[in-house]
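Below: the structure, in structure tokens.
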Amino acid sequence: MRIPAVFAQAGRVEAVAAVLVFVVAVAFHSWGASVGWESKNLPGVEYRQAQTALSAYFIDLEDNFSLAYPTPVLGKPWSIPMEFPLYQWTVVGASRLTGMELTRAGRLVSVACFYLTLPGIFLLLRRWQVKTAHRWLALALVASCPFYVFYARAFLIETMALMFAVWFWVAFERAVIGRSVGWLGVAVVAGSGAALVKVTTLLLYLLPLALWSSRRLWLARAGQRWWSEVAWMGGAAVLPLLAAIWWVGEADRIKALNPVADFLGSQHMRDFNFGTSELRFSPEIWAMKWRIVRDELTFFPLVWLIVPVLWLGQWRRAGAVGLCLVVFTAALVVFPLLYAYHDYYYVANAVLAMLALALALIGLAESPRWRWLAVLLVVGCVAGQMVRYRQHYWPIQQGISAGGNALTSALRKLTAVNDVIVIVGEDWNSMTPYFAQRRALMLRADVEDDPARVDIALTQLAAERIGAWLVTGKSWRERSILGDRLAARGLSPRPLLQWNETVVFVRQEQESEIIRTMLQDELPGLAWAPGAAPVAKPLAGRWSAVAGLPPAQRMLFASMQPQPVRFFSSFEPARQVMAGEYSFNAHPVTRFVFAVSAGRRHLRTQVWFTPDAYAQTSADRTDGVELILLAQSADGGQRELSRQFIDPVNEPGDRGARSVHFIFEIAEDAEIELVVGPGPQGRDTRDWIWLRGPLTID
């Protein structure tokens, strides 16, 4: 039957429009995924990304591509494998091949896996007899999904597992329907990849295949074809299932070698992974999942389009929409805690929510009356998702960071590359070890309270040097047993440094060096632990060389250019912000000696009297302050260059901020001295004068 020209032309326009919408959506996704690309922080469940990144870092560092790959957070032996390390190996390979820094290589691999998922979805829609133009519209909804813009570039295994699972779905059906050996091979490889990389993702995608297979077997029940169907289905699924069983057993065997990793075994994790009946129906758990679905996945009002669009399209594609929503919801039921506590788990099933929306719109587009309304609705949905990304995820993602914090930066300076750090109070959060780039023994609360297990864990480290001990939360005094054991390994018995709620114990032989480092202000962001700060020598009543002062005292002169070479103050000097500017308390007698070069010079500053110093009701008001500028001669003598008397009691113009400007000339390089002395009566009562803002000599 020949298609009328007007309809053929409309079909071509629709196809071009659909491809353009897809291209725009992918371009937006590429842009969004690149936001903050150079940053080394890991926005979005950073603790979980840090665990994956830590494994990749030490695989690369140690050239260790074994199945017992390193994740050094729970002490020796350093391996606690969760997933088969295919993703980590790929990241390290990409980093080495391209010379790309590890964080960016991880993002590149994740994004590549997401984009390789899209052709699988395209083929899946083709088997569902969705016309080509409409497939592009469906992919546009997936690509523009704000959740995937954000998480498709995370340093996580999720998109690799999704890619394998979707291709397994496609290949399984094609192998069985077409009796295709090629597609059977793809199904075995993709299914095994999903099973090894993340078995929970494979289990989710086995559900639609189980429903599809059951229907085919039911229809073939009366004939010879039944056994053939079983054989092809088994051929596609058995090896992936065996791979999953093998890896769970192998990972358990490796984890069992670590005395403090027993909680990670599959038996111990069963209730957490699969939940219980009570958790499965818990209103609190469902409230947590509802918040993620409502706030994180997409621009949520779009979801409400599904029902009216299905109705308007006369319920076309309702079965496929229902299947996607059932499988999406099944993940929340089968894995109640995983999907309540970890939003990144929705990488596995959010695509099904997007397909449900897309299929509802495709059903509308398949009605000649509403085809262009469907296209416009897709465009509106894509735009809505873009806006949602810009509002919700872009602010989180756009910052550029060197990664970690002041503590992890300090640990890289204070410990050697091969040192181990002991950490309590952070559970087994991998962020500190990853950003510090150090192996760690992290003691969870249950282990920390068990002296026998602590001894075993520390004995395992007998050949290792412990470089630091970190305690977060409770007082370190509550860990006296652990403190005694670590002191015997060379750690100081008292903490030296502090960052937020974390105190840091260092090695005893390094304390003096670290104190000097702190005094030179080379550990920014860290403070002294309570009682650990060295007492600064008082400055009042003596001459002091500024260069020899600790950094905290040198900061007194930060607003002076140049800084004095030495100074004298009758009282302990002070610096504080007054009227928005740093000010130096120059109560008489205060003297500054500056080194200046020969020539005509200008000394500029402002002086400011505390108003109470000249209040009319005071009987002992200030009698003023005199500023005298002297030049030091080669024979040790002095000559006066200039002086200025500041008298706020009798001269209203001397009240408030009073500018002082000395112009002088010296014949050769020399030292000059600025003296802040008492008034004509020679007393310093209430001479509360401040040098406000900068003091400059140019």
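Descriptive notes on the structure:
- Dipole size of the chain about its Cα centre, with +1 on Lys/Arg Cβ and -1 on Asp/Glu Cβ: approximately 3460 debye, rounded to the nearest 20.
- Low-density loop positions, trypsin sites (Lys or Arg not before Pro), the range 619-698 - DSSP coil, at most 14 other Cβ in 10 Å: 683
- The simple Förster model, with R0 at 60 Å and r as the Cβ-Cβ distance, assigns residue 270 and residue 612 a FRET efficiency of 0.25.
- Taking the fewest neighbouring Cβ atoms within 10 Å as the starting point, the ordered list for 499, 688 is 688, 499.
- A helix-only calculation puts the chain at -15500 deg cm²/dmol for mean residue ellipticity at 222 nm, using -39500 (n - 2.57) for each DSSP H run of at least four residues, averaged over all residues.
- Taking the Cα centre of the range 431-482 as origin and assigning +1 to Lys and Arg Cβ atoms and -1 to Asp and Glu Cβ atoms, the resulting dipole is close to 260 debye.
- Each of 180, 79 has some number of other Cβ atoms within 10 Å of its Cβ, and from fewest to most they run 180, 79.
- Sparsely packed trypsin sites (Lys or Arg not before Pro) within the range 155-261, loop by DSSP, other Cβ within 10 Å at most 16: 179, 221
- Degrees separating the helix 102-127 axis from the principal Cα axis of the chain, which is the longest one: 20 degrees
- Placing dummy labels 7 Å off each Cα toward the beta-carbon, the span from residue 633 to residue 47 is 7.4 nm.
- Degrees separating the helix 46-62 axis from the principal Cα axis of the chain, which is the longest one: 90 degrees
- One decimal place: the segment residue 217-residue 279 gains 18.9 nm when fully extended, by the rule 0.36 nm per residue minus the C-alpha distance.
- Inter-probe distance in nm under a simple model that places probes 7 Å from Cα toward Cβ, at residue 112 and residue 571: 6.9 nm
- Relative contact order computed over the range 38-397 (Cα-Cα under 8 Å; 6+ residues apart), in percent: 20 percent
- Cβ-Cβ distance of residue 311 and residue 97, R₀ of 56 Å, FRET efficiency by 1/(1 + (r/R0)^6): the value works out to about 0.60.
- Taking the DSSP beta bridges with both ends in the chain, the antiparallel portion is around 85 percent.
- For the range 301-365, the relative contact order is 55 percent, taking Cα pairs closer than 8 Å that sit 6 or more residues apart in sequence and dividing their mean separation by the residue count.
- Simple rule: put +1 on each Lys or Arg Cβ and -1 on each Asp or Glu Cβ in the range 543-697, find the dipole, and look at 681, 650, 597; the Cα lying farthest toward the positive end is 597.
- Over the chain, relative contact order from alpha-carbon pairs under 8 Å, at least 6 apart, %: 11 percent
- Partners for residue 255 among lysines (Cα-Cα distance below 18 Å; same-chain residues under 8 apart left out): 76, 198
- Of the residues 40, 289, the one with the fewest other Cβ atoms within 10 Å heads the list, and the complete ranking is 40, 289.
- Whichever lysines have a C-alpha closer than 30 Å to that of residue 537, once near sequence neighbours (fewer than 8 apart) are set aside: 413
- Most positive-pole-ward Cα, 47, 123, 667, against dipole of the chain from beta carbon charges: 123
- Label corresponding to Cα extents along the principal axes in Å when calculated from the structure given, among (i) 90, 62, 52; (ii) 80, 74, 58; (iii) 120, 71, 49: (iii)
- In this Cβ point-charge picture (+1 for Lys and Arg, -1 for Asp and Glu), the range 411-460 has a dipole of about 420 debye about its Cα centre.
- P(r) histogram, all alpha-carbon pairs of the range 38-397 included - 10 Å bins from 0, percent: 5, 22, 32, 26, 11, 3, 0
- Taken as Cα centroids, the range 373-443 and the range 281-309 sit 25 Å apart, rounded to the nearest whole angstrom.
- Three-way shape label, the range 313-411, alpha-carbon gyration tensor, a/c 1.5: oblate
- Counting DSSP beta bridges with both ends in the range 406-528, the antiparallel % (nearest 5): 50 percent
- Helix 371-388 vs. the chain, principal-axis angle (Cα, 0 to 90°, nearest 10): 30 degrees
- Sparsely packed GluC sites (Glu not before Pro) within the range 652-698, loop by DSSP, other Cβ within 10 Å at most 12: 668
- Rg followed by Dmax, in Å, when the range 240-306 is reduced to its Cα trace: 17.9, 53
Coordinate-derived values only; no laboratory data. Note that the coordinates shown come from a computational prediction; the quantities given were computed from them, not determined experimentally. Glycine also receives a Cβ, built like all others from the backbone with ideal geometry; neighbour counts cover every protein chain displayed.
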